[in-house]
Each structure stands twice: as C-alpha cells, then as structure tokens.
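The block underneath contains the structure these notes are about, expressed in structure tokens.
Throughout, read-outs are computed from the coordinates displayed, never taken from laboratory work. Fair warning: this is a prediction, and the values are worked out from it, not measured in the lab. Virtual Cβ from ideal backbone geometry, glycine too; neighbours counted across all protein chains shown.
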Ligand SMILES: C[S@@+](CC[C@H](N)C(=O)[O-])C[C@H]1O[C@@H](n2cnc3c(N)ncnc32)[C@H](O)[C@@H]1O
C-alpha cells in the first residue's frame with residue numbers, strides 16, 4: 001500500500017477535528033456511555049509496572065496516588081478525572097477546544113491542555129503513566145503519537161490505550177453498517193480513510209513495537225451498551241462520534257427510518273425487557289518504556 005502523503009494526514013486530522021468539535025456537547029450522553037465503561041481497566045493497565053515474568057505485558061500497579069498521569073485525546077475528561085480520583089496528578093490533552101470546554105466545566109481542579117497527540121507539549125520523561133481511551137486510532141499517524149507517549153514517559157513506566165474490536169465482534173457497529181448496506185448508501189460518506197484503523201491486538205502490538213515500547217501486551221475487554229431501540233443507537237453514534245456520524249449524516253434523510261427499522265429487525269437477540277443490551281468488545285494494549 002502506498003504511504004499516504006502529508007495532504008492525506010492533514011485531511012484526516014481536519015476531518016477528525018471538525019467531527020469532534022461538532023460532537024463535544026452531545027458526547028457525554030451518547031458515545032461516552034460506551035467509552036466510560038473501560039476506564040477502570042485502562043487505568044489498571046498503565047503506570048509504573050514490573051515486566052511480567054514471561055516478558056509479555058506489564059504487571060502494572062495501575063494508576064495510583066502520587067503518579068503524574070497524561071490522558072491523551074481526553075475528550076470531556078472522564079479518564080483524566082478518574083485518574084485524579086485515584087490520587088494521581090492528572091493532565092488531559094485534546095486538540096478539540098469544544099471538548100476541552102466541556103472537560104474544564106465538568107471537572108474543576110483538573111488540568112486540561114490543548115494540543116496534538118502527534119506533538120505533545122511536555123518534556124521528555126515527565127509522566128509515570130500515559131493513557132488514551134479510544135483516542136489513538138483517531139490520530140492520522142498513530143505510531144507518531146505512540147512515539148510521543150514513549151518520549152514523555154519515565155523509564156519503567158507504561159502506556160495503555162484502548163481500541164474497539166472489529167465490527168464482526170462489535171454488534172453496535174455491525175448492525176449499523178449492515179443496515180446502511182441494505183437500506184442506505186455505504187459510499188455516501190466523504191470521510192477520508194483513517195490513519196489508524198486498529199482492529200486487533202496484533203495491530204496494537206505492531207504499532208507499540210514500532211514506537212519503541214517493550215513488554216507489550218493486549219487484553220480483551222467487554223461491556224454492554226444499552227439503547228431503547230435501533231433509532232436510539234443510530235442517534236447516539238450520530239451525535240457522539242466523527243466517522244460514524246459522517247456515514248449516518250451522509251444518508252438521505254428519507255432512508256434513516258428504514259435504516260433504524262433494519263437495525264431493530266436484526267437486533268432481536270439483544271432485546272430484553274427495557275430495550276437493547278448490545279455487547280461491546282474492546283482491547284486494552286500496554287507497552288513499557290524500559
Ligand atoms: C472517541 S473520543 C475519546 C474521548 C475520551 N478519551 C473518552 O474516553 O471518551 C476521541 C477523542 O480524540 C480526540 N483526538 C482525535 N485526534 C486527536 C489528535 N490528533 N490530538 C489530540 N486529540 C485528538 C478527539 O478530539 C476526541 O476528544
């Protein structure tokens with residue numbers, strides 16, 4: 001595959017930036033109800049950890065009191081705030097001013113900085129842990145962001161980041177993609193191809209290795225995302241994401257009821273007394289700066 005040029009990276013960055021600016025005010029009530037479920041596992045995987053005996057992964061003590069922690073692509077700051085609640089000195093970084101406005105209003109006393117994950121505005125070796133909850137795969141050059149995380153970590157400290165598993169393992173995405181294929185137009189979105197596109201533990205391991213990390217590990221995580229019905233799932237993705245929002249917004253308005261109905265028709269196995277209980281699968285990847 002040809003290496004994308006600078007113009008492509010800039011196009012991805014501009015697309016992501018516009019999408020997250022747009023989503024900031026509605027993110028907490030929509031997509032954050034999925035992402036927040038993975039915060040404890042993320043914080044448990046980062047920090048100052050001993051290498052596991054088999055050399056695979058880090059036996060971290062987890063983010064704990066007294067550590068200096070950086071939350072990259074912090075969005076409205078829930079991970080940053082959770083790290084601070086553990087007694088860490090936590091800093092959240094995001095490139096979206098709108099997300100940072102929400103973060104600062106929501107979590108008084110926590111520090112949030114505007115900046116880009118590919119060029120962190122921090123000194124070398126200045127953090128005991130770096131975390132990113134569903135952020136790294138949105139960056140045009142994820143390995144560059146991971147190299148930056150490596151640079152700002154103290155030796156002996158670990159980075160942890162989460163990604164979503166592929167749609168085949170994530171019913172929420174699969175339901176929407178399949179419904180759009182049947183009732184809408186998959187090619188309608190003008191979103192540039194992602195720079196990251198991480199889907200598997202191997203994708204994470206390769207990127208962490210390329211960024212210089214050692215003692216690399218990846219672990220499967222699960223959750224449940226609740227929605228009243230197919231339309232509610234569609235609206236949550238529309239108001240709380242960048243790429244899925246672009247796909248949904250690109251559909252003809254008249255197609256949306258049929259897309260929602262198709263989701264309902266194919267989500268029967270997730271229905272319980274109060275609506276849809278959709279299983280979520282994610283991975284938390286870890287690497288240590290030795
Ligand atoms: C899915 S949200 C995750 C937010 C938060 N970490 C959470 O746990 O919900 C992705 C976030 O990545 C941020 N982001 C995307 N690309 C970025 C970049 N290059 N530099 C900094 N932040 C970025 C977006 O602004 C957005 O807040």
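With the simple model of a label 7 Å out from the Cα in the direction of the Cβ, residue 28 to residue 252 spans 3.9 nm. Taking the chain as a Gaussian network, where each spring joins two C-alpha atoms under 10 Å apart, which residue of 69, 152, 224 fluctuates the most? Highest fluctuation of the listed residues: 224. Roughly what % of Cα-Cα distances in the chain sit above 30 Å, to the whole percent? The answer is 29 percent, as a whole percent. With the helix formula -39500 (n - 2.57) applied to DSSP H stretches of n ≥ 4, the chain reaches a computed 222 nm mean residue ellipticity of -11500 deg cm²/dmol. Based on alpha-carbon centroids, what's the gap between the stretch 109-129 and the stretch 3-22 in Å, whole number please? Between the Cα centre of the stretch 109-129 and that of the stretch 3-22, the gap is 21 Å. Taking a point 7 Å out from the Cα of residue 114 in the direction of its Cβ, the residues of the stretch 6-44 whose backbone N falls within less than 14 Å of it are 17-18, 21-22.
Counted residue by residue at 0.36 nm each, then reduced by the alpha carbon distance between them, the extension gain from residue 97 to residue 271 reaches 58.9 nm.
As a rough guide to protection, the peptides 275-286, 8-19 ranked by mean Cβ packing within 10 Å, highest first, stand as 275-286, 8-19.
Model label points for residue 154 and residue 85, set 7 angstrom from Cα along the Cα-to-Cβ axis, are 2.5 nm apart.
Here the peptides 177-187, 37-47 are ranked by packing, the mean other Cβ count within 10 Å, and the order with the highest first is 37-47, 177-187. Of interest is the spacing of the C-alpha centroids, which for the stretch 210-289 and the stretch 133-199 amounts to 12 Å. At full extension, residue 228 and residue 18 could sit 72.8 nm farther apart than now, given 0.36 nm per residue minus the alpha carbon distance. Every pair of different Cα atoms in the stretch 87-240 enters the Kirkwood calculation, which places the hydrodynamic radius at 17.7 Å. Protection proxy ranking for 154-162, 82-90, using the average of other Cβ atoms within 10 Å per residue and placing the highest first: 154-162, 82-90.
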